[in-house]
Amino acid sequence: MTNIKRAYYYFFYKMYKLIDYTSAISGGAFLTDFKASLAMIALEVWFIASLFNYYTILIDENFIVKKIHFIILGILVLLLSYFTFDNNGIWKDYIKKFDQLPERVNKKGSIFFYAIIIFIIGNFILSLYLLYEIRKN
């Protein structure tokens, strides 16, 4: 479990650094932790939504996501974000800790980070397309 937790914090670290870098370039370097948390929440919602889509595609074509599903999903994702990052400010310690990693490790981590982002977004788009094709017929 600690490896999963560490990977999750590292993913947040990479998201934080990406947003910090792009915000500094565009002149909007404020609330970086909030922006990183928001981006993490968006990726989590897209990932879970694609699971709902695949459930509909593969198992139950008549399954319709109801309002209560979105409410429960939203609450779970927000609680996860709150208790892992925002509640105790532990993310600051992880930022300092991961800043100490060798450049070689961070480059490998960046490749993994971008691959995960591309996978989640691509998977979500694919699931929407497949769901559209099933509903069209």
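The values are calculated or read from the model by the stated rules, or taken from the named source; none is laboratory data. Keep in mind it's a predicted model, so treat the numbers as computed, not measured. Positions of Cβ are backbone-derived with ideal geometry, glycine not excepted, and every protein chain shown enters the neighbour counts.
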Hits in the range 104-137 (condition: over 15 Å from the mean Cα position of the chain (by Cα), surrounded by 13 or more Cβ atoms within 10 Å (Cβ to Cβ) and of a type outside the set (A, V, I, L, M, F, W, C)):
ASN106, GLY109, SER127
Answer yes or no: is there a residue in the range 96-103 that is farther than 16 Å from ARG6 by Cα, under 16 Å from the mean Cα position of the chain (by Cα) and without any contact (Cβ under 8 Å) to a residue 60 or more places away in the chain.
no
Checklist (1) surrounded by fewer than 13 Cβ atoms within 10 Å (Cβ to Cβ); (2) closer than 17 Å to LYS5 by Cα applied to LEU43, failing item:
(1)
Hey, could you check the range 19-40 for residues that are at pLDDT 85 or above and touching a helix residue (DSSP H, G or I) at 6+ places or on another chain (Cβ under 8 Å) and say which is surrounded by the most Cβ atoms within 10 Å (Cβ to Cβ)?
ALA36
Those residues of the range 52-88 which are within 16 Å of SER127 (Cα to Cα), surrounded by 13 or more Cβ atoms within 10 Å (Cβ to Cβ) and free of Cβ contacts under 8 Å to residues at least 40 places away in the same chain amount to PHE52, TYR55, PHE63, VAL65
Take the residues of the range 48-71 that are charged (D, E, K, R) and closer than 12 Å to ILE134 by Cα: which is modelled with the lowest pLDDT?
GLU61
